[in-house]
Structures are given as structure tokens and as C-alpha cells.
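Note sheet for the following structure.
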Amino acid sequence: MVPVGHGVVTAEALRTLPAPVARYVEASGAVGRPPVSGFRARISGRIRSGPDKPWMTFTGEQTNTYEPDWSRLFLIDATMAGLPTDVLHTFVGAHATMSVRLASLVPVTSVDGAVTAGLDAAETVTLLNDLVLMAPAALVDAPVTWTPIDAHRAGATFSHGGHTVHAELRFGEDGSLVDFVSEDRWRSVAGGRFVRQRWSTPVDERASFRGRVAMRRGRGRWHPPDEEPFDYLEFRLEDITYLPERRPATASDAAPVPAPGNLAPAT
């Protein structure tokens, strides 16, 4: 383990990872650079609540930390029913929360993982997903238990705040991540309930952000039982700054990485 602020990540540190994960982390630009303790990101995209529902565009600001404690803060600005809408996701400590306000003033929805079954588990999967897609260098020291599957897949088990979740990482022939699949995500449904449902995040494009490679464009996909899977989220990482590297971000620093276009989920 390389403590933050001490030295750099070495190729030796990657040997504890399954082979496809190690190749992915190395290709992300982790080796020879300081370890990552978190990130700040600017995001854009669109989202919908179901396959027959209208899309809602959004922009967002996100901050995740891994040291000294794990946390996730994600503020979304969108428009709903013609009104500006703020959505705030927080995961600090053992419980996650989600709140929705119209015009930054009128409360619409407030959900607390301490009282709502499924939210904490759902956000635990999201913590792992953020780590894999946007901060692969932090996988070196992450509290993840790995299960090698084959040359293109690896299983990940992650625990946080009393919840343990699982995911399968799928990689293409060129070593890039093409999908993240979990059976442990919970989906919000009518009545304020959450139901457990298969969830995946196909990756469509990567980019280099000041020498570190991460997902540029991806999607969120629900797999309802007895129904066709559908994309409910389209996501673009506009910029990302890694901690403790605090250099100010500039748009010109993000460069696309050559990769197969329109990558399909691995099978």
C-alpha cells in the first residue's frame, strides 16, 4: 500500500489485482504517479425514469473522497416540468440521502437511507462504480476483494457502512473497461420504495485528463425482470481533478483516447 502523500504507485503494487484489472489500472496512468485519494468532477447528461418517459437534461458537480473517509457528494442541476430542479445525493458516514428541490427552494422529495430500505445499498454500489469508472488508480489500495474469472472479467466485492455489494467488471480485447454489472443495485419505484434490480454501466468512450485515463461517456442501464433492458442515463464526464493533485482544471487538458466506438456490453 502506498499512503497518500508518500511516493508513487509502482508496477509491483498492481500484482495483487486480477490480470485484467491490473492492465486497466496501468493503462489509466496510475503507475509512476501519486496515489489518488478522491476526485472532483463536472458532469453532464440526461436521465429518465422509464423507457417510455421523457429525457431530462442535467449538469452536475461531484466530489468523492477515499481518505481519510469514504464519501460522495453529487449535486445535479436540471429542469423538471419547466422548473429548475436541484437534486442532491450525499453519502457521508453510514447512510446516504437524496433530496429534490424545485427552484432550489420547494422540497419535492427527501429520502434517508437510515429509514428507507435499499438506498444505502444502492449508493454503496454507486461508490464502487464511481471508483472503477472515474478513479481507476485508486483501485490499487481500495478495500475491494477480487475474484478472478477469466482474461476479460473479474468479480469485485466491496463493503461500506455495513453493506456488502458485488459487481462484475468486463473488459474488451484492448484491455479497456466496457461494462460494470451488479445484481445489488436498488431502483426507485412508485410509492417511494426501492426494489433490487440488475444494473449495468456500459462505457462508450474514454479520455485522458492531464495524463490520467477515465471514462468520458457512458450509460446507466436497468435490467427489469421479464422486460427488455433500457438505458435510463446518458453520462459525460466533462472534467475531473484528482486529489491530492490540485492543479486547476482546464478544458483543453482533456484529450480523447483512441478506443473502439460505440462499445457494446460484454457477453
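The values are calculated or read from the model by the stated rules, or taken from the named source; none is laboratory data. Fair warning: this is a prediction, and the values are worked out from it, not measured in the lab. Every residue, glycine as well, gets a Cβ built from its backbone with ideal geometry; the counts of neighbours run over all protein chains shown. Surface accessibility is based on the protein's heavy atoms, side chains included, excluding ligands, DNA and RNA. Shrake-Rupley method; radii C 1.70, N 1.55, O 1.52, S 1.80 Å.
Residue-by-condition table, conditions (1) within 17 Å of Arg219 (Cα to Cα); (2) of a type outside the set (Gly, Ala, Ser):
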position: Leu14; (1), (2): no, yes
position: Pro20; (1), (2): no, yes
position: Val25; (1), (2): no, yes
position: Gly29; (1), (2): no, no
position: Gly32; (1), (2): no, no
position: Arg46; (1), (2): yes, yes
position: Thr57; (1), (2): yes, yes
Checklist (1) under 22 Å from Val111 (Cα atoms); (2) open to solvent by less than 30 Å² (accessible area, probe 1.4 Å); (3) not hydroxyl-bearing (Ser, Thr, Tyr) applied to Val36, failing item:
(1)
Out of curiosity, is Arg170 open to solvent by 10 Å² or more (accessible area, probe 1.4 Å), touching a helix residue (DSSP H, G or I) at 6+ places or on another chain (Cβ under 8 Å), within 25 Å of Arg196 (Cα to Cα) and modelled with pLDDT of 95 or more?
no
Examine the range 73-91 for a residue that is surrounded by fewer than 19 Cβ atoms within 10 Å (Cβ to Cβ), modelled with pLDDT under 95, of a type in the set (A, V, I, L, M) and in a loop (DSSP other than H, G, I, E, B), and state whether such a residue exists.
yes
Does Thr145 satisfy the criteria of being at pLDDT 95 or above, closer than 13 Å to Leu128 by Cα and open to solvent by 40 Å² or more (accessible area, probe 1.4 Å)?
yes
Quick one: Val178 ticks every box in (1) in contact (Cβ under 8 Å) with a residue 24 or more places away in the chain; (2) buried (at least 17 other Cβ atoms within 10 Å of the Cβ); (3) within 21 Å of Asn64 (Cα to Cα) bar one, so which box is it?
(3)
Of those in the range 182-202 that are outside any strand (DSSP E or B) and free of Cβ contacts under 8 Å to residues at least 60 places away in the same chain, the residue nearest to Phe171 (Cα to Cα) is Ala190
Of the listed residues (Asp120, Asp130), the one being modelled with pLDDT of 95 or more, open to solvent by less than 20 Å² (accessible area, probe 1.4 Å), within 20 Å of the chain's Cα centre (by Cα) and acidic (Asp, Glu) is Asp130
On the given criteria, is Glu205 under 16 Å from Phe171 (Cα atoms) and acidic (Asp, Glu)?
yes
For the range 209-218, state whether one or more residues are under 20 Å from Ala122 (Cβ atoms), open to solvent by 20 Å² or more (accessible area, probe 1.4 Å) and out of contact with any His (no Cβ under 8 Å at 6 or more places or on another chain).
no
State whether one or more residues within the range 39-47 are over 24 Å from Arg206 (Cβ atoms) and part of a strand (DSSP E or B).
no
Across (1) modelled with pLDDT of 95 or more; (2) crowded, with 16+ Cβ neighbours inside 10 Å, Glu183 clears everything bar (2)
Whether any residue in the range 103-114 is open to solvent by 20 Å² or more (accessible area, probe 1.4 Å), modelled with pLDDT of 95 or more and over 21 Å from Leu233 (Cα atoms) is what I want to check.
no
Read through the list (1) open to solvent by less than 10 Å² (accessible area, probe 1.4 Å); (2) in contact with a Leu (Cβ under 8 Å, 6 or more places away or on another chain); (3) of a type in the set (Val, Ile, Thr); (4) closer than 21 Å to Ala94 by Cα, then give the number of the only condition that Val203 fails.
(4)
Subset tally (residues that are under 27 Å from Glu227 (Cα atoms), open to solvent by 70 Å² or more (accessible area, probe 1.4 Å) and in a loop (DSSP other than H, G, I, E, B)) for the range 48-72:
6
